[in-house]
1. With respect to the numbered conditions (1) crowded, with 22+ Cβ neighbours inside 10 Å; (2) closer than 22 Å to Pro225 by Cα; (3) in contact with a Phe, Trp or Tyr (Cβ under 7 Å, 6 or more places away or on another chain), which one is the sole condition not fulfilled by Asn681?
2. Starting from residues that are in a helix (DSSP H, G or I) and among the β-branched types (Val, Ile, Thr), keep the ones in the stretch 501-539 and report whichever is surrounded by the most Cβ atoms within 10 Å (Cβ to Cβ).
3. For the stretch 335-402, give me every one of the helices (runs of 4 or more DSSP H) that falls completely inside it and has 3 or more residues that are over 30 Å from Gly173 (Cα atoms) and open to solvent by 40 Å² or more (accessible area, probe 1.4 Å).
4. Filtering the stretch 348-394 down to residues that are of a type in the set (Val, Ile, Thr) and touching a residue at least 60 places away in the same chain (Cβ under 8 Å), which residue is farthest from Ala130 (Cα to Cα)?
5. Out of curiosity, is Gly654 of a type in the set (Gly, Ala, Ser), touching a Phe, Trp or Tyr at 6+ places or on another chain (Cβ under 6 Å) and closer than 24 Å to Gly181 by Cβ?
6. I want to confirm something. Restricting to the stretch 33-53 and keeping residues that are outside any loop (DSSP other than H, G, I, E, B) and modelled with pLDDT of 80 or more, which single residue is nearest to His194 (Cα to Cα)?
7. State whether the residues of the stretch 281-300 include one that is closer than 28 Å to Pro686 by Cα and assigned to a loop (DSSP other than H, G, I, E, B).
8. Mind checking which residues of the stretch 573-601 are open to solvent by 70 Å² or more (accessible area, probe 1.4 Å) and part of a loop (DSSP other than H, G, I, E, B)?
Amino acid sequence: MPLSLPVLTPVKAPTATHCPYCALQCGMNVAVEAPEQGPDGTVTITPRQDIPANAGGLCQKGWTAGELLTGGQRLTTPLLHGEPVGWDEALDFVAGRIRAVQAEHGPDGVAVFGGGGLTNEKAYLLGKFARTVLRTSQIDYNGRFCMSSAAAASNRAFGMDRGLPFPITDLAGADAVLLAGGNMAETMPPFVRHLSAMRESGGQLIVIDPRVTATARQADLHLQPAPGTDLALALGLLHLVITEGHVDEDYVAARTNGFDAVRTSVAAWWPERVERLTGVPVSLMRRAVAVLGRARRAAVLTGRGAEQHAKGTDTVTAFINLALALGLPGRPGSGYGCVTGQGNGQGGREHGQKADQLPGYRKIDDPAAREHVARVWGVDPDDLPGPGRSAYELLDALGTEAGPRALLLFGSNPVVSAPRAGHVTERLNSLDLLVVSDLVLSETAALADVVFPTTQWAEEGGTMTNLEGRVLLRRRALAAPPEVRSDLEIIQALAVRLGAPASLDPVRAFPTEPREVFDELRRASAGGIADYAGITYERIAAETGVFWPCPDTGHPGTPRPFLDRFATPDGRARFVPVEHRPPGEDIDEEYPLYLTTGRVLAHYQSGAQTRRIAALNAVVAETFVEVHPDLAERLEVSAGQMLRVVSRRGETEGVVKINPAIRADTVFMPFHWAGANLLTNPELDPVSRMPEFKVCAVRVERVG
């Protein structure tokens, strides 16, 4: 298949844009030298100083991001059954197969799966395409695997989900930060500078994590619970806050509802009981509560480690209850926040690629929301489909009698990233049609009937919404290879071939210019929870980002949305009683160890991009199994040998890495390679539909 280096377009000055990876969305400058100045042309990355999230810092993934633009593994032409073809042939084939599938199986016979790395414009237009052209309810995205539990918990506590409802720079002025299940020193290193600034000013960092991660090593206090027991630990901490007199009673009375029920529910979680369940000593719990109780300004943060569980929504709720009892949310310099993972994990779920949502974070089953969005789109609200399946449920249903028979997939790699990945691969292989839009031949794209080569970060414009709810501007720095198209162009081309509703001109209804899409997104989001109506490209450029909600162009944006009231009908935050329950799958004689998964510094998500960068592979080139020395001794294995890890769903192998800091009952694997998620448990949170990525039962065996 044709793979070639892109044509680099010389520019007079560096282009100010943002990193293609995580939700910190670090500002960077991209300078391009013409090919005649080097055999293949050169892309130079330097950090921007004007973006507060990174303020001149980048991690090794950001520094090497230019290799994505010049690397030789880039897709440069459409593929049909693995063979290069022209765009018209590929698009005509896809449109014909979609028509045939929907003629036999109805509109829901075709599904759409999006990604948390898509720009706001692409996420918005993809949702509009699914619901007006395909008329399918079957659309969700991989952000369901990211922070959906935190989103659900924030919505029921505060009436609004915005990852950090305060600027990240607030953390530097805090007296204490509690971080549950996050490892920013590896996942987003420039984030750590804000925590370091806090500690340099006398603040204290408390980390909750079953592993002694790079972040935990920097903490003033590390609580190391057994995997799957974060919820019990949060209940125990709140019990101590109450019994030791740290509740902000005036705040609770003035700004919240429901505390009495929570006070009663945590009475049973005395610290000795919590220690027996979690393994965290009572003395450490008391120290953590004392630090939080003394702090004038404090923040409670959660990451994927606390959220990716079948009880993730309740776990995050327990940490929100802790923050509310301390009087933190809605106070300047304090609060609760979720550390979003994917580059546009926040914006990606606000504008319509999630199964139950319409643009502006509107609910798809709300008649007023349907009326508003349908009016912007120029369609009858009765023609819009209702809620569809969540991400894993959608993947699980593919190819079944009652499920979709075709899938259009944009910016995701579920063969590596989905739980019970072997089963998901089987479901993808059972489809009548699989179409993937990507910039490289990922493991999922390799299974596809049709692959569309698409533009990437520095070859396209658009907006991203970072972990603070700050809308940022991605600028085009260089031209894409000649035969590569943007996702917006692909969506328009399919809409033209499939025929939009009679009331729509498919060319005008599905523009390919990001600014045009964004202007429509502003109208569609107006009046919603995530209101972008007052945000323009010009404002973003002039202000280096605008915080939503921003209802009109005269509005300054909302860095701290809860200062006066919460987004609930009565303006008060809600305490919600929750109870601990064990993991969906606990250890036993056959599977006596916990497996937990996560990231490493050099790689990102499914690794489809970073595993193709030589400098990053030089740091970590293959998957590994981290084990305690006692376990290694029992297995008679040494570092560098191979281990087989087996769960009830599959097995995989990895290189032994011995670490005395990991719990003796736990093994760890990174999920950047096709392996770890062959093992993970797809049991879903009943509220968020988040799978239980972070804990399952396994056994380990020597290989050979």
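1. (3)
2. Checking each candidate, the answer is Val517.
3. 367-377
4. Step by step, filter the stretch 348-394, then rank; the result is Val376.
5. Answer is yes for this residue.
6. Pro47
7. no
8. Correct list: Glu579, Arg581, Pro582, Glu589, Glu590.
The values are calculated or read from the model by the stated rules, or taken from the named source; none is laboratory data. Here the structure is a predicted model, which means the values were calculated and not measured. Using ideal geometry, Cβ is built from the backbone for each residue, glycine included, and neighbour counts are taken over all protein chains shown. What goes into the accessible areas is simple: the full protein's heavy atoms, side chains included, and nothing from ligands, DNA or RNA. Shrake-Rupley method; radii C 1.70, N 1.55, O 1.52, S 1.80 Å.
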